[in-house]
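Read the structure below first, then the notes.
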Amino acid sequence: MIREFTSQDRKLYVEMASEFYHSPAVLHPVPDEFFERTADEALASEAYAQIYMLECDGEPAGYGLTAKTFSQEAGGYVIWLEELYIREQFRSRGLGSEFFAYVEKKYEGRAARFRLEVEEDNVRAISLYKRLGYEVLDYTQMIKEIR
């Protein structure tokens, strides 16, 4: 089951985000205060970030995080599928596909594009994303850290 994040989920979300950022799925961990900021933003409005809680058999199984931007290239809103974390014991039960279907239905008719990033060695995730119709961009992304 997928449901929207509430203030009662805050502690659980921070715990799972920390698990995710200490897993091989990401390049490096981030400070826990970043998870708190994300929770604050998601609770404030849906303007930039939204968190979804994933449950399986009544148990907390993971979370998904989306962010919204506007893209001239895409001709409208781009929904970034920022993170999808499913705890090990709940993987291969269809929760990833369920999350993508949930988000795509939510933004049906309002989003021009869905976009995500994935580590090249995360073969399992890449396989899922390709099955769901996502394509690899021949693209170099660059960032400049301000902090």
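The values are calculated or read from the model by the stated rules, or taken from the named source; none is laboratory data. Predicted, not measured: the structure shown is a model, and the values here were computed from it. Cβ sites come from the backbone with ideal geometry, for glycine too, and all protein chains shown count toward neighbours. What goes into the accessible areas is simple: the full protein's heavy atoms, side chains included, and nothing from ligands, DNA or RNA. Shrake-Rupley method; radii C 1.70, N 1.55, O 1.52, S 1.80 Å.
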Legend entry - Residue in the stretch 39-60 that is β-branched (V, I, T) and out of contact with any Gly (no Cβ under 9 Å at 6 or more places or on another chain) present: no
Inset, instruction - Return the total of residues in the stretch 88-114 being in a helix (DSSP H, G or I), over 15 Å from Q50 (Cα atoms) and open to solvent by less than 80 Å² (accessible area, probe 1.4 Å). - result: 6
Inset, instruction - Starting from the stretch 1-15, take each residue that is closer than 18 Å to R91 by Cα and list its partners that are open to solvent by 60 Å² or more (accessible area, probe 1.4 Å) and of a type outside the set (K, R), counting only C-beta distances under 7 angstrom and pairs at least six apart or across chains. - result: I2/E98; I2/Y102
Legend entry - Residue that is exposed (fewer than 10 other Cβ atoms within 10 Å of the Cβ) and either under 23 Å from Y13 (Cα atoms) or touching a residue at least 24 places away in the same chain (Cβ under 8 Å) (or both), where the choices are G58, G75: G58
Inset, instruction - Residue by residue through the stretch 52-87, note down the ones that are charged (D, E, K, R), assigned to a strand (DSSP E or B) and closer than 20 Å to E117 by Cα. - result: K68, E82, E83
Inset, instruction - Quick one: count up the residues across the stretch 118-147 that are in a loop (DSSP other than H, G, I, E, B), surrounded by 12 or more Cβ atoms within 10 Å (Cβ to Cβ) and out of contact with any helix residue (DSSP H, G or I) (no Cβ under 6 Å at 6 or more places or on another chain). - result: 3
Inset, instruction - Enumerate the pairs (first residue in the stretch 117-134 and closer than 18 Å to E104 by Cβ; second residue anywhere and open to solvent by less than 100 Å² (accessible area, probe 1.4 Å) and part of a helix (DSSP H, G or I)) with beta-carbon separation below 6 Å, excluding pairs fewer than 6 apart on the same chain, so at least 6 apart or on different chains. - result: V118/A125; V118/I126; L128/G96; L132/F100
Legend entry - Answer residue from the stretch 2-47, given it is part of a loop (DSSP other than H, G, I, E, B) and at pLDDT 95 or above and is least open to solvent (accessible area, probe 1.4 Å) among those: F5
